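For reference, the structure discussed in these notes is given below.
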């Protein structure tokens with residue numbers, strides 16, 4: 001009995017020591033990520049978690065603000081003297097890398113030379129090497145001035161440069177690479193520098209004492225990005241229930257991407273706050289226009305009228321997102337009255353249109369996945385709604401990798417799918433427009449629309465672009481190659497002790513300007 | 001003995017070759033592509049083609065297999081497509097986490113289950129027996145993820161006795177390490193107690209019916225002596241086999257428990273690799289698991305003579 005008592009005391013002591021250890025770590029902000037990062041090479045070997053972490057460490061010349069516009073970041077100012085062909089970047093004075101070296105025009109030339117080498121496999125290589133922002137030359141004018149000359153004028157140049165998945169063309173020091181030219185570790189200019197990375201467990205970032213913030217307030221990925229906490233630790237927790245328990249027990253401080261079904265529970269929990277923001281991600285139902293059945297536009301139109309977008313989005317997001325049938329996200333400056341209109345929910349009209357299309361109740365297969373619960377829920381609700389209009393949809397649930405394979409091959413009749421954010425309407429349309437013969441993944445094969453999209457990429461004038469996007473909107477709704485439903489909200493739950501944490505349009509956690517309140 | 005050992009190891013070679021080929025072919029038959037998963041919804045055919053070429057995925061399957069096998073024979077399991085890490089060191093570091101938890105859990109489960117099963121058999125058909133069988137059956141039926149979550153919510157969240165998520169190596173801080181592995185170990189112990197108790201009980205019931213046990217009792221041996229000295233060695237052999245199988249299974253990865261408790265173990269590494277279609281990592285993990293399984297069962301077989309001298313004679 002005594003031995004058992006002794007064991008209990010030892011165990012309690014061990015646990016006590018363990019929990020004391022936890023207390024020592026309290027200066028750190030701990031953020032959950034559902035999977036480990038892929039690498040520390042920004043914009044090259046990456047996924048969304050990698051992007052989220054790396055944007056704390058590195059900065060590009062420009063960055064996205066919280067309304068999707070582009071603002072200077074490492075650059076003090078950006079000018080285009082000839083309407084989009086030449087871009088002059090003046091670097092901010094006094095900015096240093098994490099190793100103390102000053103940021104110069106040479107550094108910009110060095111890293112962009114890498115990015116424009118196909119062997120680097122930079123995410124945005126194609127856009128800047130041969131796409132609509134193809135770079136002809138990059139030259140140093142003086143130590144603080146770099147001039148990018150494009151092959152043709154581009155309205156998208158800055159937007160593409162600021163792309164989050166391309167790490168905003170991060171400017172890193174040449175010592176980030178080993179002597180043989182391979183990637184070593186990021187030496188950036190961001191508010192945090194890289195600390196310890198235990199694969200499968202966590203990656204820890206440390207405050208960069210020499211960070212020089214911009215004078216403007218924090219705004220998206222732009223503005224002042226001041227590290228308030230000493231450390232930020234991104235903890236890998238793959239299981240949602242475990243992440244929830246971790247937040248409620250105080251083991252983590254931020255759960256950046258909670259399910260809409262957990263919102264009320266978190267709101268009712270002590271010590272936890274919930275933040276919601278509209279994003280530019282897009283959820284919708286793809287319809288294969290080369291399919292013998294769905295090739296008939298009237299059947300696609302029938303499906304659009306059979307699905308109550310407003311009702312579906314309300315049920316699915318519990319009012320946290322707005323219904324949207326337009327490819328242009330609700331938060332975009334180009335989302336106007338035309339884009340706000342929804343397909344009328346009219347089962348009778350749907351039934352009539354389906355009959356006119358010669359539809360006789362054949363089974364239409366819709367592919368979906370459970371990797372993203374909302375994609376699955378969309379499919380289930382849409383199936384039930386379509387049934388009311390006599391349209392017979394059968395669901396097939398696939399694992400995410402398999403679904404992506406089918407998407408890429410265009411091998412589906414219908415598919416409940418999610419697109420990541422495109423921060424410019426040209427890119428929103430471009431992500432699903434194109435010739436199917438060459439790119440089977442493209443959903444909308446309309447040469448006239450494609451020409452308009454390309455035109456929109458070259459024009460900088462907002463009014464002219466708006467006219468083009470409105471025309472595209474009308475054409476898109478007439479062709480109905482897919483039914484856009486909504487732009488998924490970014491819902492984050494976080495400790496109420498955190499000061500300054502906010503959900504935002506890009507849906508990624510931002511830990512600069514955030515403190516533990518101690 | 002050495003000849004026997006070498007013989008057993010040599011017979012494992014065709015098994016491992018078969019496993020390696022089976023895994024190689026099967027994972028490629030599954031739809032999905034590591035490059036497409038990497039690129040997501042922005043994957044375009046040109047980029048996919050270029051990256052497939054860069055990772056050598058465009059070569060003929062047999063050439064890919066041959067190359068991989070050749071390297072694997074030299075201990076090089078290649079590099080992960082996901083993060084470029086060397087596969088073997090990655091597997092070994094993750095295996096360490098799984099192995100510590102599994103070995104502790106199975107040892108504890110055996111220490112509890114074997115006496116419990118023997119007591120139940122000794123008191124066959126009594127209230128004790130019924131309770132032990134009922135509890136063992138209940139534990140056997142409970143899914144490990146559910147049990148793990150319950151323990152996590154009760155002891156981690158409500159009572160706050162142990163950390164909810166994470167892992168700390170013993171070498172870094174043994175006390176913290178104990179706190180972190182307490183719940184995963186408890187989950188595995190509870191799950192494995194069920195099956196081991198039932199096996200220990202069943203084999204003890206059989207042994208207690210044998211004449212030499214009646215003889216021991218007739219000679220006036222105490223019940224403790226009958227159970228410990230006479231019944232245990234014979235009754236333990238089948239349980240020992242089961243322990244070997246359980247150990248082999250669990251060392252291959254406790255993915256569910258690792259996921260619930262956020263442990264960086266081998267099971268989670270494999271599951272993540274499968275989702276990402278990280279071929280080299282999947283192949284490496286499964287081949288490694290097969291090797292561990294073979295070795296654990298070999299060790300179990302070699303231990304048999306300790307319980308049953310007849311095996312050594314044979």
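We did not get these values from a lab; they are worked out from the coordinates using the rules stated. For clarity, every value in this text was computed on a predicted model and none was experimentally measured. When we count neighbours, we look across all protein chains shown, and the Cβ atoms used for this are built from the backbone with ideal geometry, even at glycine.
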Zone of residue A:149's modelled label, taken as backbone nitrogen in segment A:118-141 under 15 Å from a point 7 Å along Cα→Cβ | A:134-141
Just need the relative contact order of chain A here, percent rounded to a whole number, with Cα pairs under 8 Å and 6+ apart.
-> 19 percent
Among B:155, A:89, A:208, rank each residue by its count of other Cβ atoms within 10 Å, from fewest to most, as a rough exposure measure.
-> B:155, A:208, A:89
Give me a single rounded figure for A:392-405: the average over its residues of other chain Cβ atoms within 10 Å of their Cβ.
-> 4
Difference of contour (0.36 nm per residue) and Cα-Cα distance, residue B:301 to residue B:222 = 25.3 nm
Classify segment A:60-170: rounded, prolate or oblate, from the alpha-carbon gyration tensor (a ≥ b ≥ c, eigenvalue square roots; a/c under 1.5 rounded; otherwise prolate if a/b is larger than b/c)?
-> rounded
Antiparallel %, DSSP beta bridges [both residues in the protein assembly as shown], to 5 | 75 percent
Normalised by the residues of segment A:434-518, what does the relative contact order come to in percent, with Cα pairs under 8 Å and at least six apart?
-> 18 percent
Can you give the average number of partner chain beta-carbon atoms within 10 Å of each beta-carbon in peptide B:166-176, as a whole number?
-> 4
Would you mind putting A:115-123, A:45-53 in packing order, based on average other-beta-carbon counts within 10 Å, highest first?
-> A:45-53, A:115-123
With a Förster distance of 22 angstrom and the Cβ-Cβ distance between residue B:128 and residue B:241, calculated FRET efficiency to the nearest 0.05 equals 0.30
Fluctuation leader among B:183, B:281, B:29 - chain B, Gaussian network, Cα springs under 10 angstrom = B:29
Rounded to the nearest 0.05, what FRET efficiency do residue B:44 and residue A:34 give with R0 = 30 Å and r taken as the Cβ-Cβ distance? Could you check?
-> 0.70
Extending each Cα 7 Å along its Cβ direction at residue A:376 and residue B:59, get the distance between those two points in nm, one decimal.
-> 3.8 nm
Rounded, prolate or oblate: which fits segment A:460-502 when a ≥ b ≥ c are the square roots of the eigenvalues of the alpha-carbon gyration tensor, with rounded for a/c under 1.5 and prolate only if a/b beats b/c?
-> oblate
Divide by every residue of chain A the summed helix terms, -39500 (n - 2.57) for each DSSP H run of at least 4, and state the resulting mean residue ellipticity at 222 nm, rounded to the nearest 500 deg cm²/dmol.
-> -9000 deg cm²/dmol
Between residue A:216 and residue A:342, what length comes free when the chain is fully extended (0.36 nm per residue of separation minus the Cα-Cα distance, one decimal in nm)?
-> 41.6 nm
Gyration tensor on Cα atoms of segment A:385-514, a ≥ b ≥ c root eigenvalues, a/c under 1.5 rounded, else prolate if a/b beats b/c, else oblate, says oblate
Going by how many other Cβ atoms sit within 10 Å of their own, how do A:137, A:69 line up, fewest first?
-> A:137, A:69
Any chance you could run the full-extension gain for residue A:88 through residue A:451? It's 0.36 nm times the residue separation minus the Cα-Cα distance, nm to one decimal.
-> 127.8 nm
